[in-house]
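**Student:** There's a structure below that I have some questions on.
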Amino acid sequence: HTQVVSTIDPNSKKKKKKNKPNKPPHRFSPVVLAFGELVRKLWSGQRFKSHVDPHQLIQTISTASQKRFQVGQLAEAGEFMAWFLNQLHIGLGG
């Protein structure tokens with residue numbers, strides 16, 4: 001499921017906007033940092049094991065959502081995705 005959000009079309013050649021400076025990594029939200037690390041691990045060709053543990057992202061999501069979304073608690077998938085994408089948008093400075 002994470003691959004849908006993290007897949008980038010290799011043929012797209014978008015130019016960086018010069019009028020909006022990039023945020024330094026230390027200013028990204030914890031959700032953005034945890035998701036970024038998970039995506040890097042997923043797409044890394046240098047992984048020792050064939051699986052990736054999403055534990056850090058799950059813990060960060062639980063904390064950031066004030067335990068609204070956590071392991072063992074049912075939640076609406078659409079509500080979670082809306083919240084998660086909004087958190088990524090805000091956490092990236094949008």
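No lab work stands behind these numbers, since they all come straight from the coordinates. Computed from a predicted structure; not experimentally measured. Note that we place each Cβ from the backbone using ideal geometry, even for glycine, and neighbour counts take in every protein chain shown.
**Student:** Applying 1/(1 + (r/R0)^6) with R0 = 25 Å to the Cβ-Cβ distance of W43 and T63, what FRET efficiency is obtained, to the nearest 0.05? It would help to have the intermediate numbers written out before the result.
**Tutor:** Numbers: r = 25 Å, r/R0 = 1.00.
It comes out at approximately 0.50.
**Student:** Just need the relative contact order of the stretch 31-94 here, percent rounded to a whole number, with Cα pairs under 8 Å and 6+ apart.
**Tutor:** 38 percent
**Student:** Shifting gears a bit: Take each of the peptides 63-76, 27-40, 80-93, average the number of other beta-carbon atoms within 10 Å over its residues, and list them starting from the highest.
**Tutor:** On the way: 63-76: 11.3, 27-40: 17.6, 80-93: 14.6.
With the highest mean Cβ count within 10 Å placed first, the list reads 27-40, 80-93, 63-76.
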